[in-house]
Structure formats: structure tokens, C-alpha cells
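*Asks:* Right, I'll just put the structure down here and ask away after.
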Amino acid sequence: MTFPIHRPRRLRRSEALRGFVRETRLSTEGFVYPMFACPGKGVRNEVSSMPGIYQQSADRIVEECREVADLGIPAVILFGLPEHKDETGSEAADPNAAVQRSIDAIRKAKLNLLVITDVCLCEYTSHGHCGVLDAAGVVQNDPSIALLADAALSHARAGADIVAPSDMMDGRVAAIRSRLDANNFQEVAILSYAAKYCSAFYGPFREAAQSAPQSGDRRSYQMDPANAREALREVEFDIEEGADIIMVKPALPYLDIIRRARERFDVPVAAYNVSAEFSMVKAAAQKGWIDEQRITLEILTGIQRAGASIILTYHAKDAARWLKHC
């Protein structure tokens, strides 16, 4: 027996010792704060299922971005709500749409933030799917990736640092990389939602982004929650097509996928701590059932420990404040 020679508790007996030997050090450096850009001016509507999260016009987005930057959070990701929706989600590529106006406003404010944009059609289509439909209501892959490339190019022209395709169409990373490069945006990076599962954890987001599908579901293009090896194939394909960063979404039910991606691939790995993961914590905290600060920091530490160096999280602002005092 190793006891009493080996006593692991020796290094746990004080906060100074625990901090000294800590393996995972959570910080704001890899945080990305999601934001919802909407049309108009002076608009700030709280999302009922996501306390503290808002649909905001570009002028209000900039106000919150100042707060985000002051907290030491390096990046935001913008999701857009359109003025009108149609069958092809045409407003996704409109240079005057809410996301593009918000990027421009952030740039004019000279904020020290990386601006990432979600590239998808679901918020913009009248049917709520991530691609265009044929007459039978089936999502069409190849026509959809051309529209996604148009949207990504529009975001790059507006000043995005990184575009993040979340649609799960086959070949969309290659199409976006080709379109960006052909238009002299070789320096704009691609963060691919490489392993995006068809999850029940997206419910509150669909309220925030007004993106629930009007019929059917997204199982024909988002991943089956039961599959792990398939996720690694998806990641590999996206890296081969030109993805600079890959992402696993959601985070908490798929920590094993984050770990496997981190061990196999030598690119930055991101994870999305998604809306229901956030809302469940907020709801339980409001009931007084949990310690919100401890739970949140433990969740984010677990995601980072699994292998994600970048974490998209609605908790980012709260966590940044708490980490300042830890």
C-alpha cells in the first residue's frame, strides 16, 4: 500500500496549495459571448427563456460590446434576426441586415473585440430550416451552400474577423473558403460548427433567434446524438476543406466528443455551452436550488478540461466578473 507515504490531501489543505497545483485554469481568454442582432434603433428585448440575454439593434449591441470588452472577454458571435423572411433566406447576405450593421457599428466604435458571425439560413427562411427546400420540403444541400457562401462573404465585407457556418450542409466550409479567397478575404478565418448535434438543448435559442422550423425537424442534416465516430469524420472533413477552428455543439452532453476531437486533431477546439444549458442553470438559481456562481464556473471548467480552448457561452459576462474575484 502507498499510504501513509502518499497522501494526496497534502496538496488540498489550503487554497494556495490547491491553486498552485491546479491543472485547468479557467480564464476569460477563450470566452465568446453570443449576441442577437435585430433591426431598428434603440431596441433591447429580453428573451423570456434566457434571463439577461437580449435581442438588440446595432446601437444597443455596441453598448453591450463595450461592457464585454471591459470585462476582458475577447470575442462576440452575432446571430441575426431579419426584417423579413423568405424561402431562400435572402436577407442573410444583405449588406444592410442587422448582423452586417452591427459589425460596422462595432468597428466604428473601435472596440478591442474579435467579431465572429454565425453563418446560417434558419433565422432568415420563412420555413425555419438551415437550407432551401425542394417541392417536397426536403432541404437541398448544394443550392444551400451557395447561399451560405454569399452570407459569409457579406459578413467578411462588413468587417467580420471569423465566420462560423452552423448549418451542417456537406461541403459548406470549402464553398465558403473558396468564395472568401476569390474576393481577397484570405485572412478571414472559418470556425466550423463541425460536430453539431440535433439536440433538445437548443429550445431557448430558437426563441431568441426566432428560428424554429415550421415543419419537421433537422435530423436529416444535424448529427444523431448517439454517434461519436461520425463526429470525428465531420471534423476531419471540415479541416480538410479549410476550417481554422472546429466546434462541438452542445457542450455538456458531448464532453466525450470534445475530448476525442482534442486528442485527434491539431487545430483549436471550441465548444458551445448552449441556450438550454444556460437557462437550466438560471432557472434553478432563481429557485434557490443551486449556487449559480459555483455551478457555472464548474461547468465552464469541465468544458475546458475536456479539451475546449474556446467556449461560446451566455455565462461569459457573469463568469468574467466572478473570475476577477476568485
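*Asks:* Being of a type in the set (D, E, K, R) and either within 30 Å of Val119 (Cα to Cα) or touching a Ser or Thr at 6+ places or on another chain (Cβ under 8 Å) (or both) is the filter here; which residues of the stretch 1-38 pass it?
*Replies:* Residue satisfying the conditions is Glu29 alone.
*Asks:* Quick one: how many residues across the stretch 221-248 are closer than 20 Å to Cys122 by Cα and surrounded by 13 or more Cβ atoms within 10 Å (Cβ to Cβ)?
*Replies:* Result for the stretch 221-248: 5.
*Asks:* Here's something else I'd like to know. Scan the stretch 300-309 and give yes if some residue there is in contact with a strand residue (DSSP E or B) (Cβ under 8 Å, 6 or more places away or on another chain) and hydroxyl-bearing (Ser, Thr, Tyr), otherwise no.
*Replies:* The answer is yes; a qualifying residue exists.
Per-residue answers, yes or no, for (1) within 14 Å of Thr24 (Cβ to Cβ); (2) modelled with pLDDT of 95 or more; (3) not basic (Lys, Arg):
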| site | (1), (2), (3) |
| --- | --- |
| Ala276 | no, yes, yes |
| Gly288 | no, yes, yes |
| Arg294 | no, yes, no |
| Glu298 | yes, yes, yes |
| Thr301 | yes, yes, yes |
| Arg305 | yes, yes, no |
| Ile311 | yes, yes, yes |
| Lys317 | no, yes, no |
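*Asks:* Can you name the residue in the stretch 240-295 that is free of Cβ contacts under 8 Å to residues at least 24 places away in the same chain and of a type in the set (Lys, Arg) and is also farthest from Met35 (Cα to Cα) among such residues?
*Replies:* Per the criteria, the residue is Lys287.
*Asks:* Is one or more of the residues making up the stretch 31-48 surrounded by fewer than 23 Cβ atoms within 10 Å (Cβ to Cβ), of a type outside the set (A, V, I, L, M, F, W, C), over 23 Å from Ala151 (Cβ atoms) and within 18 Å of the chain's Cα centre (by Cα)?
*Replies:* Within the stretch 31-48 (the criterion being surrounded by fewer than 23 Cβ atoms within 10 Å (Cβ to Cβ), of a type outside the set (A, V, I, L, M, F, W, C), over 23 Å from Ala151 (Cβ atoms) and within 18 Å of the chain's Cα centre (by Cα)), the answer is no, since none of the residues qualifies.
*Asks:* Please determine whether any residue of the stretch 154-166 is assigned to a loop (DSSP other than H, G, I, E, B), in contact (Cβ under 8 Å) with a residue 40 or more places away in the chain and among the charged types (D, E, K, R).
*Replies:* Looking for residues that are assigned to a loop (DSSP other than H, G, I, E, B), in contact (Cβ under 8 Å) with a residue 40 or more places away in the chain and among the charged types (D, E, K, R), one finds at least one in the stretch 154-166, hence yes.
Here is a yes/no grid of residues against (1) over 27 Å from Cys65 (Cα atoms); (2) in contact (Cβ under 8 Å) with a residue 12 or more places away in the chain; (3) in contact with a Cys (Cβ under 7 Å, 6 or more places away or on another chain); (4) not aliphatic (A, V, I, L, M):
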residue	(1), (2), (3), (4)
Arg10	yes, no, no, yes
Arg13	yes, no, no, yes
Arg18	yes, no, no, yes
Thr24	yes, yes, no, yes
Tyr33	no, yes, no, yes
Pro39	no, yes, no, yes
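*Asks:* Would you mind finding the one in Gly128, Gly52 that is on the phi > 0 side of the Ramachandran plot, more than 16 Å from the chain's Cα centre (by Cα), buried (at least 19 other Cβ atoms within 10 Å of the Cβ) and touching a residue at least 24 places away in the same chain (Cβ under 8 Å)?
*Replies:* Among Gly128, Gly52, only Gly128 is on the phi > 0 side of the Ramachandran plot, more than 16 Å from the chain's Cα centre (by Cα), buried (at least 19 other Cβ atoms within 10 Å of the Cβ) and touching a residue at least 24 places away in the same chain (Cβ under 8 Å).
*Asks:* Give the residues of the stretch 176-231 that are charged (D, E, K, R) and either in a helix (DSSP H, G or I) or under 20 Å from Tyr254 (Cβ atoms) (or both), sorted by residue number.
*Replies:* Selection gives Arg177, Arg179, Asp181, Lys196, Arg206, Glu207, Asp217, Arg218, Arg219, Asp224, Arg229, Glu230.
*Asks:* Report yes if some residue within the stretch 93-113 is assigned to a loop (DSSP other than H, G, I, E, B), among the polar types (S, T, N, Q), closer than 23 Å to Tyr202 by Cα and out of contact with any Phe, Trp or Tyr (no Cβ under 9 Å at 6 or more places or on another chain); otherwise report no.
*Replies:* No, because not a single residue in the stretch 93-113 is assigned to a loop (DSSP other than H, G, I, E, B), among the polar types (S, T, N, Q), closer than 23 Å to Tyr202 by Cα and out of contact with any Phe, Trp or Tyr (no Cβ under 9 Å at 6 or more places or on another chain).
*Asks:* Working only within the stretch 119-142, note down all residues that are of a type in the set (A, V, I, L, M) and either in a helix (DSSP H, G or I) or closer than 13 Å to Glu87 by Cβ (or both).
*Replies:* Hits for the stretch 119-142 are Leu121, Val132, Leu133, Ala135, Val139.
The values are calculated or read from the model by the stated rules, or taken from the named source; none is laboratory data. No experiment lies behind these values; they were computed from the predicted model shown. Cβ coordinates were reconstructed from backbone atoms using ideal geometry, including for glycine residues, and neighbour counts include every protein chain displayed.
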